[in-house]
Amino acid sequence: MTQSGFDNEEDDFPEWVDRVQANVAGEVRRRRKEMGWSAQELADRCEELGHPIPRNVIANMESGRRAGLPLVDVIVLAAALETYPACLVFPVGYVDRTQELPFQSLVPTWDALRRFNGEQEVPGHDPGLVPDFEAHTSLVRTALAALDEQEQARFAARTATSRAQQEEAERKRTTYADRAVSAKYKLRYLRRDLRDDGAVPPDLPPALHDVDPPEWAPDTTTEERP
């Protein structure tokens with residue numbers, strides 16, 4: 001296969017497709033056997049998940065006789081085998097090097113997986129709103145942890161047996177309260193920016209119900225029919 005040029009394009013593209021399908025097929029077979037399942041048992045599990053993949057289709061895929069591999073099949077097979085779709089495409093630890101796109105050189109499978117998941121930045125690629133949602137998750141965790149610590153400090157102040165203990169607990173309570181307020185403030189304006197971009201922010205846990213002001217609440221009213 002020509003890795004550095006386009007002299008043999010007709011051969012390169014099918015080989016890349018075959019390589020991707022071989023990665024998936026090999027990992028499906030490996031995980032199926034690891035779980036002690038037959039091909040029929042895997043087919044039964046796929047059907048339980050709502051997307052039947054017949055036993056003969058699974059057998060043909062694993063043996064390399066199946067010509068195509070629909071994305072929906074990869075998604076369901078991954079769920080049935082209790083793994084992630086990306087781990088079927090890029091089986092880290094079981095395939096040393098793989099090819100991300102046609103005409104590209106082989107790269108470590110670990111690097112390919114990280115780029116596929118967006119964990120490793122690729123120059124010129126737009127990550128969309130993924131960084132914003134990651135920041136949202138981090139802020140939610142920070143706010144919840146601060147609220148929990150604040151409540152523990154409040155309890156410690158209430159049950160303190162000396163003035164010094166009470167003052168220390170109150171100091172901690174104030175610190176955690178400020179931390180919670182700061183995280184909530186950042187969350188509020190991150191969620192506002194997401195809405196301004198036309199996106200729907202993630203749901204908030206009940207403990208953070210006061211992050212969104214009332215005017216930001218979605219309109220759930222419907223007009224009454226005459």
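Between the residues PHE116, LEU129, PRO102, the greatest Cα displacement towards the positive end of the dipole of segment 94-144, with unit charges on the Cβ of Lys, Arg, Asp and Glu, is found for PHE116.
Near THR98, the amide H atoms lying under 5 Å from its own belong to VAL107, THR109; only residues 5 or more places off or on other chains count, and H is placed 1.01 Å from N.
Here the spin labels are modelled as points 7 Å beyond Cα on the Cα-Cβ line, and at SER162 and GLU82 they lie 5.2 nm apart.
Counting only lysines at least 8 places from LYS172 when in the same chain, those with an alpha carbon closer than 23 Å to its own are LYS184, LYS186. What the phi angles of segment 208-213 give under the Karplus curve with 6.51, -1.76 and 1.60, with θ = phi - 60°, is a coupling list of 10, 5, 8, 5, 7, x Hz, glycine and proline written as x. The computed Rg and Dmax of the Cα atoms in Å for the structure shown corresponds, within (1) 16.8, 50; (2) 15.9, 49; (3) 26.0, 83, to (3).
Only loop residues by DSSP count here, and only those with at most 13 other Cβ atoms within 10 Å; note down the GluC sites (Glu not before Pro) in segment 120-226 that meet that. Can you show the working numbers first?
Working: sites: GLU121, GLU134, GLU149, GLU151, GLU167, GLU168, GLU170, GLU215, GLU223, GLU224; in loops: GLU121, GLU223, GLU224.
Those satisfying the criteria are GLU121, GLU223, GLU224.
No value in this document is a laboratory result; all are computed from the given coordinates. Keep in mind the model is a prediction, meaning the values are calculated, not measured. Using ideal geometry, Cβ is built from the backbone for each residue, glycine included, and neighbour counts are taken over all protein chains shown.
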